[in-house]
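**Q** Structure provided below as structure tokens; questions to follow.
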Amino acid sequence: MSKAVRRKKRIQSAGTDEAPADFVSENGKKPSPTRFYILMTLLLGILTIAWFGGAPSRLVNSFSRAALAKYDLEGAEKWLRFASKFLPDNADRELLLARIARKKSAYPSMDKHLNRAVVLGASKLDVQIEEAMAAAQSGALELVELQLFKWLESGVGEVDELSDAYANGLAVNSRFENLNQVLDAWQQDYPADPRPDYRRARMREYFQDWENAEALYRKSLSRNPKYYPSRYRLGRVLILERKMEEARDQFELCAEMSRPEAAKTSLAFCYRSLGQSEDAKKLLEEVMRSSPEEIGESYDILEESPEYFDAASALGDLESEGENYAAAEKWLRLALSKNDRDLQSRYSLAVTLRQLGRVEEAQKQFDLVAESRKALEQVNPLRNQIFENPKDPALRLKLGELLLEYESERSGRFWINSVFSIDPNYRPAHEALAKYYREHSGGDSKMKALADYHAKAAGLVTP
């Protein structure tokens, strides 16, 4: 019987109560119902074994790892959240979620996922590595450096991830010579990775070497044009170089991200500088329609953790400029609720309150601004003294404490930590950090560990 005739017979048999036409064999015979059900039972059994054996979870985890390899935190997290809804829990997924939380500096969330991973049978070493990388990237390198070095030397763990965390810790502690050594080794082993050049560029920014920072960000992007942290920082450097049109172009490319709020905030700054205030206001209004969590995530993806609420501050300033004072007050107070060291927002609020006729309230804000500005007048002279006397720990400590109180906790901690690159046992710096971490630890075990470490180093408690 020809194939055409057999095809015709199958079509004619469709809709009958006989065995499905799809199961007619090449010799024209239909399989028995018993054979059909046996095959279906076997197939169901195979799928059941695969399900409970974790095959779907392993597949989704592999998709998440692939996204992480492309530095796509949001994509990686979406795969894992999907798996959490529909698939059985597993340790590998919790470790991946912990890694994403670590990269976002969301340490309480990271701890939660690591604890869950332990319950599900994760390797003790895998958990220890994630905890050590978290400590390093947060600046607590003194707690984990020896172990990180051993792992890198022996090839334990993912070398690029360990190198990234170690480099971050070295940068926070101003150990630039060691940082360059780590970056060179990392780039040699991973020539396509855009992150070593990104870290080098951040270091050049610290030295206010904008030209070389720009070149290194461009080099990083030549390795991976979709590495948005480098593109965003390139835009920021171009602003400092007063290349506003070029900066605008970089932020517009960043605005293609699925979470573009951070890029839109900086793009609005460019528009305003270029005389396009209405376009700037429209962008900022779009940003402020996002939730605080969404705005925060947009910065996390860029490896940024701004201390000020730039979108609210800039929108408040624009509203005040447009004489919409009630709206301006709302946005400016929101900006100050995130960080009361934001002098620009406080000054704009003072001007706004004065325009609203609330003179006494305005004067209180003006007085606070004046006090902070007077204290911060010491910053540039101290910086100059440090560059002239780089080995003087007292100057670095004084600058750090000044910034900590009046401008930036991050910058303050940075300068105090930089003391230890000169004198690891400088007691006043340990005392200052012990006090800071004790006052800010709350329920954070890592902050408490840092407070204890510096208290012991300062001799405030018996080791």
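**Q** Please pick out the residue among P191, P229 that is under 18 Å from the mean Cα position of the chain (by Cα) and in the same structural domain as L267 (by TED's automatic domain parsing).
**A** Of the residues listed, the single one that is under 18 Å from the mean Cα position of the chain (by Cα) and in the same structural domain as L267 (by TED's automatic domain parsing) is P229.
**Q** Would you confirm whether or not segment 419-427 contains a residue that is modelled with pLDDT under 95, under 23 Å from K448 (Cβ atoms) and of a type in the set (V, I, T)?
**A** Yes: one or more hits.
**Q** Kindly check whether there is at least one residue in segment 215-222 that is more than 29 Å from P424 (Cβ to Cβ), crowded, with 22+ Cβ neighbours inside 10 Å and either among the small types (G, A, S) or touching a Cys at 6+ places or on another chain (Cβ under 9 Å) (or both).
**A** yes
**Q** What do you reckon, is D193 farther than 22 Å from I422 by Cβ, surrounded by fewer than 22 Cβ atoms within 10 Å (Cβ to Cβ), at pLDDT 95 or above and charged (D, E, K, R)?
**A** When the stated conditions are applied, D193 passes them.
**Q** Within segment 242-293, which helices (runs of 4 or more DSSP H) (wholly inside it) include 2 or more residues that are surrounded by fewer than 23 Cβ atoms within 10 Å (Cβ to Cβ) and aliphatic (A, V, I, L, M)?
**A** Helices (runs of 4 or more DSSP H) meeting the threshold: 244-254.
**Q** While we're on this one: Taking segment 449-463 as the search range and keeping residues that are without any contact (Cβ under 8 Å) to a residue 60 or more places away in the chain and in contact with a Phe, Trp or Tyr (Cβ under 7 Å, 6 or more places away or on another chain), which one is surrounded by the fewest Cβ atoms within 10 Å (Cβ to Cβ)?
**A** Only one residue fits best here, namely A451.
**Q** Could you run through segment 169-178 and say how many residues are crowded, with 22+ Cβ neighbours inside 10 Å and either of a type outside the set (G, A, S) or out of contact with any helix residue (DSSP H, G or I) (no Cβ under 8 Å at 6 or more places or on another chain) (or both)?
**A** Residues that pass the stated criteria total 2.
**Q** Still on this structure, I have one more. Out of all the residues in segment 437-457, which are of a type in the set (F, W, Y) and closer than 15 Å to R427 by Cα?
**A** Y453
**Q** Would you check if F251 is among the hydrophobic types (A, V, I, L, M, F, W, C), at pLDDT below 95 and farther than 23 Å from S105 by Cα?
**A** When the stated conditions are applied, F251 does not pass them.
**Q** Here are some conditions: (1) touching a residue at least 60 places away in the same chain (Cβ under 8 Å); (2) part of a helix (DSSP H, G or I); (3) surrounded by fewer than 20 Cβ atoms within 10 Å (Cβ to Cβ). S337 meets all but one. Which one does it not meet?
**A** (1)
**Q** Which one of the conditions (1) surrounded by fewer than 18 Cβ atoms within 10 Å (Cβ to Cβ); (2) over 22 Å from K282 (Cα atoms) does L397 fail to meet, given that it meets all the rest?
**A** Result: L397 fails condition (1) only.
**Q** Which of (1) surrounded by fewer than 18 Cβ atoms within 10 Å (Cβ to Cβ); (2) in the same structural domain as N168 (by TED's automatic domain parsing); (3) part of a helix (DSSP H, G or I) is the odd one out, the single condition E371 does not satisfy?
**A** Failed condition: (2).
**Q** Cβ-Cβ below 7 Å, separation at least six or inter-chain, first residue in segment 148-162 and closer than 13 Å to V182 by Cα, second surrounded by 15 or more Cβ atoms within 10 Å (Cβ to Cβ) and of a type in the set (D, E, K, R): which pairs?
**A** D160/D193
**Q** Only one of (1) in contact with a Phe, Trp or Tyr (Cβ under 8 Å, 6 or more places away or on another chain); (2) farther than 22 Å from R102 by Cβ; (3) assigned to a helix (DSSP H, G or I); (4) in contact (Cβ under 8 Å) with a residue 24 or more places away in the chain fails for S174. Which number is that?
**A** (3)
**Q** Could you please let me know if L332 is within 34 Å of the chain's Cα centre (by Cα), buried (at least 16 other Cβ atoms within 10 Å of the Cβ) and not assigned by TED's automatic domain parsing to the domain that holds R236?
**A** no
**Q** Is it the case that Q365 is within 28 Å of A201 (Cα to Cα), part of a helix (DSSP H, G or I) and not assigned by TED's automatic domain parsing to the domain that holds D279?
**A** In short, no.
**Q** Determine which single condition G316 fails, assuming it passes every other condition in (1) of a type outside the set (V, I, T); (2) at pLDDT 95 or above; (3) surrounded by fewer than 16 Cβ atoms within 10 Å (Cβ to Cβ).
**A** The single condition G316 does not satisfy is (3).
**Q** Does segment 433-448 include one or more residues that are within 24 Å of R383 (Cβ to Cβ), buried (at least 21 other Cβ atoms within 10 Å of the Cβ), of a type outside the set (K, R) and touching a helix residue (DSSP H, G or I) at 6+ places or on another chain (Cβ under 9 Å)?
**A** Checked segment 433-448: at least one residue is within 24 Å of R383 (Cβ to Cβ), buried (at least 21 other Cβ atoms within 10 Å of the Cβ), of a type outside the set (K, R) and touching a helix residue (DSSP H, G or I) at 6+ places or on another chain (Cβ under 9 Å).
**Q** Then there is this: Pick from segment 55-79 the residues that are among the hydrophobic types (A, V, I, L, M, F, W, C) and over 16 Å from the mean Cα position of the chain (by Cα): which of them is modelled with the lowest pLDDT?
**A** A55
**Q** Cβ-Cβ distance below 6 Å, separation of 6 or more or different chains: which pairs start in segment 248-276 with a residue that is more than 18 Å from S230 (Cβ to Cβ) and end on one that is polar (S, T, N, Q) and assigned to a loop (DSSP other than H, G, I, E, B)?
**A** Every condition considered, the pairs that remain are E261/S290.
The values are calculated or read from the model by the stated rules, or taken from the named source; none is laboratory data. In this text, all values refer to a predicted model and were calculated from it rather than measured experimentally. Cβ sites come from the backbone with ideal geometry, for glycine too, and all protein chains shown count toward neighbours.
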